[in-house]
1. Could you give the radius of gyration (one decimal) and Dmax (whole number) of the Cα atoms in the chain, in Å?
2. Taking R0 as 30 Å, what FRET efficiency do you get between residue 55 and residue 113 from their Cβ-Cβ distance, rounded to the nearest 0.05?
3. Considering only DSSP beta bridges whose two residues both sit in the range 3-126, what percent are antiparallel, to the nearest 5?
4. Counting Lys and Arg as +1 and Asp and Glu as -1, what is the net charge of the other residues whose Cβ lies under 11 Å from the Cβ of residue 61?
5. Taking the Cβ of residue 70 as the centre, find all other residues whose Cβ is under 11 Å away and add up their charges (Lys, Arg: +1; Asp, Glu: -1).
6. So for the chain, if I pair up every lysine 8 or more residues apart or on another chain, how many of those pairs have alpha-carbons under 29 Å apart?
7. Given the convex hull over the Cα atoms of the range 20-93, what projected area results after averaging over all orientations, in nm²?
8. Calculate the FRET efficiency for residue 4 and residue 38 from the Cβ-Cβ distance with a Förster distance of 22 Å, rounded to the nearest 0.05.
Amino acid sequence: MEVKIDTREKFHVITIKESILAANMTADMEKCLIPFLQTPVKNIVLNLQHVAQVDETFAASLVTLQQSFYEQMASFVVCCLQPKVEKWLDNQEMLEVMNVTPSESEAWDIVQMEEIEREFFDGEEKQ
């Protein structure tokens, strides 16, 4: 699976350069994303602007990955879905459980807000 990784101060933007995300690509995606949970900057913005079709198994894997990141106190935001993909995810009832934004800049905003929330709640617990 071809991806572009752009590292920022608080997150990594992973842009998938494939037009179809099939079930046999889930292992590659996990190998690409899971290691970020072991780095100081764990948050992921997954840009799917090039993706025109998503297999159900791959989409389910995305939902599971997102849950794994949130369990590890890291953000996982999907952005730039093509309308056809967004509609398909909605029909599969997966869109409602995913953290999705229309643009990459909105995804950055969500990551920043979630970081502030985690810092705030971590500070509250220490008091």
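Here, each number is a calculation from the coordinates, and none is a lab measurement. No experiment lies behind these values; they were computed from the predicted model shown. Cβ atoms come from the backbone with ideal geometry, glycine included; neighbour counts cover every protein chain shown.
1. For the chain, the Cα radius of gyration and maximum Cα-Cα distance read 14.4, 49 Å.
2. Computed FRET efficiency for residue 55 and residue 113: 0.45.
3. 30
4. Residues close to residue 61 contribute a combined charge of -4.
5. It works out to a net charge of 0.
6. Step by step, the pairs that qualify in the chain add up to 17.
7. Averaging across all directions leaves 4.7 nm² for the Cα convex hull.
8. Rounded to the nearest 0.05, the efficiency is 0.60.
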